[in-house]
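Since every read-out is calculated from the coordinates, none of them should be taken as a lab result. Please read all numbers here as calculations on a predicted model, not as lab measurements. Methodologically, a virtual Cβ is constructed for each residue, glycine included, from the backbone with ideal geometry; neighbour enumeration extends over all protein chains shown.
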Amino acid sequence: MKAPLSFDQFVKNPTMAVFFLVTLAVGYLYIDNRVNYTNQIESCGERVLYLEGKLDELSIRLHRSDSVLARTAARLEVLNELSNE
């Protein structure tokens with residue numbers, strides 16, 4: 001494979017050669033960032049699914065504890081009324 005920039009061309013026009021190298025570096029960094037962001041989005045999607053499941057579980061537990069609290073409060077009220085009679 002032939003290199004896109006020969007040493008003779010680099011010597012004749014170093015500004016364009018440096019510009020070419022900078023363009024390659026910026027292109028590489030752009031692609032690297034894009035891959036990293038894609039990986040971050042995928043891992044965040046997995047984490048969101050995990051946390052939604054955990055939220056559902058905690059909502060069920062909260063509903064149960066509210067029910068237990070309501071029953072306990074009702075029983076306590078009944079016991080207080082019976083003890084006052």
Can you give me the distance in nm between label points at LEU58 and TYR37, each placed 7 Å from the Cα along the Cα-to-Cβ direction? 3.0 nm
State to the nearest 20 debye the size of the charge dipole of the chain about its Cα centre, where the only charges are +1 on K and R beta carbons and -1 on D and E beta carbons. 560 debye
Cα lying deepest toward the dipole's positive end in the chain, options SER59, VAL26, LEU76, charges on Cβ: VAL26
